[in-house]
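Remarks on the structure that follows.
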Amino acid sequence: MLNSEIRENKNPGAVPETEPERQYYFIRECRNIVKRKEEELGRPLTACCVTFGCQMNARDSEKLRGILEEIGYRNTDKEEADLVLYNTCTVRENANTKVYGRLGYLHSLKDKNPHMIIGLCGCMMQEQQVVDRLRKSFRFVDLIFGTHNVYKLAELLYHVFEDQGMVVDILQKTEQVVEELPTDRKYFFKSGVNIMYGCNNFCSYCIVPYVRGREHSRDPEEILCEIRSLVRDGVREVMLLGQNVNSYGKGLPEDKSCSFARLLEQIAQIEGLDRVRFMTSHPKDLSDDLIAVMAKYPNICRHLHLPLQSGSTEILKKMNRRYTKDSYLALVGRIREAMPDISLTTDIIVGFPGETEEDFQETMDVVRRVLFDSAFTFLYSRRSGTPAADMEQVPENVMKDRFDRLLALVQKTGREQTARFEGRTMDVLVEQVNEHDTSLVTGRLDNNTVVHFPGTADLIGQIVPVHLDVCQGFYYMGTRV
Ligand code: SAH
Ligand code: SF4
Ligand code: F3S
């Protein structure tokens with residue numbers, strides 16, 4: 001279905017073939033079109049990019065907004081806009097359902113504003129049956145593209161402006177990664193940085209490897225350059241992004257060879273970078289070398305997101321996770337020994353095919369022993385095309401009953417863990433004025449816990465010491481000292 005509906009450009013000789021020059025060409029072309037439309041309508045054009053799913057998608061959305069802004073759109077949070085782009089997720093069925101539900105609403109907006117362009121991109125679009133359904137039943141959608149060609153937004157939009165019908169561009173794999181395009185960061189003081197793309201792990205329940213493609217590590221020098229330039233730009237905290245950062249470096253050419261521990265160490269040494277965090281760490285290959293680097297550098301955040309998925313060795317095997325209950329607990333032991341204060345968070349799936357009450361009790365046991373600061377708990381969701389979809393499913397009522405029991409436990413241990421810093425003074429990176437009470441500002445400890453305290457907007461982007469007066473469940477109320 002490659003570019004199937006895109007006709008050649010009117011003046012092909014003028015279009016550069018290399019990137020990023022090609023995209024800058026289309027950005028200029030689109031800018032002229034947007035300007036003309038603005039003159040016609042006598043008002044600025046607005047664009048709204050909505051993100052579903054994980055940090056990877058959030059970062060892609062910053063790139064999409066950067067391109068839209070460069071084209072001349074004003075970015076807005078309101079969906080009553082001239083262009084609405086949904087960056088979709090498909091990790092669980094309900095992520096999918098949500099998008100279909102909201103498309104009906106977008107259609108009603110488009111009836112009122114015939115200039116409106118509706119675009120869909122992201123992980124859901126990498127599924128053939130989704131695109132087929134959209135082509136058939138959602139003809140009002142103007143633009144569809146996937147996860148491998150985010151950088152091409154300007155080029156694709158140009159074809160929409162040329163009124164070429166529904167423009168569909170889905171690539172089956174990443175052919176080219178173009179990083180040198182504008183981005184619109186949500187926060188001026190912190191930023192996500194992709195260090196790798198895709199995933200090779202094929203956990204048996206997970207659709208991500210099918211929609212994000214094969215694992216690919218970025219050149220370490222490029223990553224370091226990007227972070228140095230972010231720091232020069234005022235960024236104080238970076239979050240390194242990848243589906244499994246611990247396998248960073250596999251497949252790099254020999255002269256660039258680098259492990260995640262080495263990369264992290266070089267990043268931690270960057271002058272002026274106050275905080276570095278990363279997501280996600282697969283327990284199967286978190287090295288002792290990495291633990292040592294984390295313990296050595298105070299600007300590496302004292303937080304690890306270490307998805308457990310299940311506490312049962314039997315289920316972990318069926319999940320193709322490649323660690324056991326005991327090896328997970330031993331790993332946590334080594335991490336806590338090196339960094340006693342560290343906060344651990346996790347993801348857990350309840351009701352994976354074949355999960356028995358005994359298997360579930362193993363998960364409860366790990367939660368009681370590890371004491372996570374917080375845990376994202378999910379009901380298993382059957383994803384077609386994954387091996388687990390063909391295994392014997394757990395009945396829904398059994399799943400839900402287990403889910404409720406697990407949730408009660410993780411909330412209890414989470415509250416107790418979060419509260420362990422009460423009475424201490426710790427550094428908070430201030431992120432925003434509190435949404436409910438404007439006399440307060442809201443920020444985060446380096447372990448990622450949220451803190452609210454009296455303060456004003458000028459503190460945003462600063463790191464200030466705050467006394468943690470009282471823990472209220474999963475956040476603190478504090479006082480600046
Ligand atoms: N790469 C990360 C996870 C990315 S997906 C890792 O390996 O840890 C985020 C979380 O969604 C997963 O950790 C898992 O808990 C959950 N998840 C993925 N597929 C799922 C499915 N089919 N049903 C329910 N939860 C799922
Ligand atoms: Fe999915 Fe497993 Fe890859 Fe995480 S590591 S994205 S859970 S396949
Ligand atoms: Fe969802 Fe894609 Fe992330 S499926 S969880 S947005 S990689």
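The values are calculated or read from the model by the stated rules, or taken from the named source; none is laboratory data. Quick caveat: nothing in here was measured; it's all calculated off a predicted structure. As a convention, Cβ positions derive from the backbone with ideal geometry for all residues, glycine included, and neighbour counts pool all protein chains shown. For accessibility, only protein heavy atoms count, side chains too; no ligands or nucleic acids. Shrake-Rupley method; radii C 1.70, N 1.55, O 1.52, S 1.80 Å.
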For this session: State in Å² the accessible area per residue of the stretch 347-418; use a 1.4 Å probe, count heavy atoms of protein chains only, and round to the nearest integer.
Result: 47 Å²
Problem set entry | Placed amide H near Arg480: partners under 5 Å, 5+ positions off or other chain | His467
For this session: Counting helices only, and only those DSSP H runs with n ≥ 4, report the 222 nm mean residue ellipticity of the chain as the sum of -39,500 (n - 2.57) divided by its residues, in deg cm²/dmol to the nearest 500.
Result: -11000 deg cm²/dmol
Problem set entry | Accessible solvent surface per residue of the stretch 20-169, calculated while the other protein chains remain in place, 1.4 angstrom probe, Å² | 40 Å²
Problem set entry | Among 22-29, 270-277, the order from most to least packed when residues are scored by Cβ within 10 Å on average | 22-29, 270-277
Exercise. Does the stretch 187-301 come out rounded, prolate or oblate by the C-alpha gyration tensor, with a ≥ b ≥ c the root eigenvalues, rounded set by a/c under 1.5 and, if not, prolate when a/b is larger than b/c and oblate if not?
Worked result: prolate
Seminar exercise, completed: The summed charge of the Asp274 Cβ neighbourhood (under 15 Å; Lys/Arg +1, Asp/Glu -1) stands at +2
Problem set entry | Inter-probe distance in nm under a simple model that places probes 7 Å from Cα toward Cβ, at Asp427 and Glu69 | 2.6 nm
For this session: Provide the packing ranking of 209-218, 453-462, i.e. peptides ordered by the mean count of other C-beta atoms within 10 Å per residue, highest first.
Result: 209-218, 453-462
Exercise. With +1 on each Lys and Arg Cβ and -1 on each Asp and Glu Cβ, how big is the dipole of the stretch 232-343 about its Cα centre, in debye rounded to the nearest 20?
Worked result: 400 debye
For this session: State to the nearest 20 debye the size of the charge dipole of the stretch 422-480 about its Cα centre, where the only charges are +1 on K and R beta carbons and -1 on D and E beta carbons.
Result: 100 debye
Exercise. What percentages, rounded to whole numbers, describe P(r) for the chain computed over all alpha carbon pairs with 20 Å bin width beginning at zero?
Worked result: 21, 54, 24, 1
Exercise. By average Cβ neighbour count within 10 Å, what is the ranking of 251-257, 443-449 from highest down?
Worked result: 443-449, 251-257
Problem set entry | Of the DSSP H helices in the chain, those whose Cα atoms cover at least 27 Å axially and whose Kyte score averages -1.0 or more | 396-418
For this session: Would you work out what percent of the accessible area of the chain, with all protein chains in place, is carbon or sulfur (probe 1.4 Å)?
Result: 49 percent
Exercise. Counting Lys and Arg as +1 and Asp and Glu as -1, what is the net charge of the other residues whose Cβ lies under 12 Å from the Cβ of Met339?
Worked result: +1
Seminar exercise, completed: If each K or R counts +1 and each D or E counts -1, the residues other than Arg232 whose Cβ falls under 13 Å of its Cβ total -1
